[in-house]
Amino acid sequence: MSLNVETKQTAPYEGQKPGTSGLRKKVKVFTQPNYTENFVQCILEANGTALVGSTLVIGGDGRYYCKEAAELIVRICAGNRVAKLLVGQNGILSTPAVSSLIRHNKALGGIVLTASHNPGGPENDFGIKFNCENGGPAPDAFTNKIYQLSTTIKAYTLVPSLQFDISKVGVSNYDIGGKPFVVEVIDSVANYVRHMEEIFDFGKLHDFVSGKSSGKPLKMRIDSMNGVTGAYVREIFLNRLGATEASVVHTIPLPDFGGLHPDPNLTYAKNLVETVAKGDYDIGAAFDGDGDRNMIIGRKAFFVTPSDSLAVIAHYLEAIPYFQKNGVQGFARSMPTASAVDLVGKKLGKEVYEVPTGWKYFGNLMDAGRLCLCGEESFGTGSNHIREKDGIWAVLAWISVMQHTGKSIEDILKQHWSVYGRNYFTRYDYEECDLEPCNEMMANMEKTITDAEFVGKSFSSGGKTYKVKEADNFSYTDPVDKSLATKQGLRIVFDDGSRIVMRLSGTGSSGATVRLYIDSYEKQNVLGQASVMLRPLIDIALEISQLPKFTGRNAPTVIT
Ligand code: VG1
Ligand code: CO
């Protein structure tokens, strides 16, 4: 029986402008009549004629409204002449799993349902983003097109009568206006686990984790924070690597993340940090809601900054079979990320790229074969095995390094610093501030730091003096397609390499979030306490930006 396509009239909604990684709004915004429908129709139309007969991947992090949105999207895709959909069972796929599936199946792209690390539930956030055929988040030119379409949309098309069961793995075939249409509900973890097995030496890791090689199992606490990684973690760490049941916690994905804020950092993953601090663990790790972020801590909760994590993995890439096989190309980091990896790149003779915030900026370099490992200070680490950051991959990389060196996480870091020096790093977030004064603050600071007199000025605090070497609003020309991204963050670089960076978040769902990044390099004094070492530069940043005056805040909401 042929199913009918229906066209529904609609009108534009304001503000359907994708941010750093997709469109993120409150659930209540997405569930307004036609809001989700409009945005999805615009995503599909932005693909132009390539959409006809294409394959798309659909899945998300299991948060509230994820399953309903996935079912709705299937019906809209059916109405837009897509030929085949790969849909995660119950609408569940981690962000890295979507990226892997797109590449593995040579799909045109994927629609990812997530607001990542933002809290979930009926009162909280939902999000939708499009990933292109390389598996990475759509670049600016593409998301601008989606936004443009959203301002003029008049109608969307769907097949309301399409019946399928998203909770059962299996293939359903349809005839839509004489054309075949296939919905394949897939096991959410199988493809991803296969991919990890190709990258890492699971045999070696099994012996190391289970204790078969040493008689001493690796003591781990892996915390999925009730996000999407639960199922992946259970299959990989318990079933494949032989870890004990007690090694993994919060592995059931919940629509509201059990009330947790699924953001793996020292503030929101407090339970993990406290447990590892008190207990007998070699490694602790946590992920965000959609599984692309990771936090790594060692014995007694020894904290590894994401900037250091990237540098250490870069130093030990030979411990991972994937890189032995495919070779090591360049490295990259986002602009606010501390420059520890630059030093490793320099030593190994590798190119190091500095790109704006957001994983989409790494994709072109990877596609061009110039980049194999990259990271962001926001707990993102990944490689060119996919085009998203990958939380579980990062933990497997760290366990590989531990196995390879036979050292503890703390010793690995201390040795790294003794060779390269240390980039002390912190980020202060001021969440949900009023937008207007924040815009004013940024404009004001831009004016201050781009004044001709500013370069060469010295600032002193707490017995330290920093002299400005350069200052700008960061802009980036993609070395591959020459596309230009401007106004990516205010940046003050001092002559010892230390930096102050300030930008407004592009992932918040209401108000403005100010991010202040402080990066201070020490060649010798590598064993200090980060909060003490960074104090002078923080005070200087607050003075130059006049942040307390503009935001009315005396302290950040989150410190990482
Ligand atoms: C934040 C991070 C950025 C990251 C982005 C998406 O963006 O700072 O590094 O790429 O989130 O990560 P912003 O614009 O709020 O600073 V995720 O795990 O939320 O997809
Ligand atoms: Co995420």
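The values are calculated or read from the model by the stated rules, or taken from the named source; none is laboratory data. In this text the structure is predicted, and so the values were computed from the model without any measurement. Virtual Cβ from ideal backbone geometry, glycine too; neighbours counted across all protein chains shown. Keep in mind that these areas ignore ligands, DNA and RNA; they rest on the heavy atoms of the full protein, side chains included. Shrake-Rupley method; radii C 1.70, N 1.55, O 1.52, S 1.80 Å.
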Evaluated at 4 °C and 1.567 mPa s, the Stokes-Einstein D of the chain based on the Kirkwood radius over Cα pairs, in µm²/s, stands at 54 µm²/s
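Past 19 Å, Cα to Cα, is the threshold; run Lys28/Lys168; Lys487/Lys549; Lys17/Lys360; Lys447/Lys469; Lys212/Lys407; Lys389/Lys523 against it and keep the listed order.
Working: Lys28/Lys168 28 Å; Lys487/Lys549 23 Å; Lys17/Lys360 16 Å; Lys447/Lys469 16 Å; Lys212/Lys407 17 Å; Lys389/Lys523 29 Å.
Result: Lys28/Lys168; Lys487/Lys549; Lys389/Lys523 exceed 19 Å.
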Residue-normalised value, i.e. accessible area per residue, for region 422-559 at 1.4 Å probe, in Å², stands at 47 Å²
Give a quick list of GluC sites (Glu not before Pro) in region 1-86 that DSSP marks as loop, anything other than H, G, I, E or B, with at most 10 other Cβ atoms within 10 Å. Glu14
Over the Cα atoms of region 191-420, compute the convex hull volume and normalise it per residue, giving Å³. 114 Å³
When the accessible area of the chain is split by element with a 1.4 Å probe, what percent falls to carbon and sulfur? 50 percent
If the cut-off is 19 Å between C-alpha atoms, which aspartates and glutamates fall inside it for Lys204, apart from same-chain ones fewer than 8 positions away? Glu235, Asp282, Glu318
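Percent antiparallel among DSSP beta bridges with both residues in the chain, to the nearest 5?
70 percent
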Restricting the calculation to Cα positions, tell me the Rg (one decimal) and the Dmax (whole number) of region 393-478 in Å. 20.1, 52
Tell me, what ³J(HN,Hα) does each residue in region 483-494 have, in order and in whole Hz, if you take phi through Karplus 6.51 cos²θ - 1.76 cosθ + 1.60 with θ = phi - 60° and put x for Gly and Pro? 5, 10, 10, 10, 6, 9, x, 7, 9, 10, 10, 9
Probe 1.4 Å, all protein chains in place: accessible area of Leu542 in Å², nearest 10? 40 Å²
In Hz, Karplus ³J(HN,Hα) per residue of region 500-507 (6.51, -1.76, 1.60; θ = phi - 60°; x = Gly, Pro): 10, 10, 9, 8, 9, 5, x, 10
Rounded if a/c under 1.5, otherwise prolate or oblate - region 175-288, Cα gyration tensor axes: oblate
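Compute the signed sum of charges (Lys and Arg +1, Asp and Glu -1) over the other residues within less than 11 Å, Cβ to Cβ, of Tyr353.
Working: positive: Arg333, Lys350, Arg370; negative: Asp342, Glu351, Glu354, Asp478.
Once all neighbours under 11 Å are counted, the net charge is -1.
For the chain, what relative contact order do you get, as a whole percent, if you take Cα pairs closer than 8 Å and at least 6 residues apart?
Values: 1291 pairs, mean separation 75.1, N = 560.
Result for the chain is 13 percent.
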Which whole-percent values make up P(r) of region 2-188 when all C-alpha to C-alpha distances are grouped in 5 Å steps starting at zero? 1, 9, 19, 23, 23, 17, 8, 1, 0
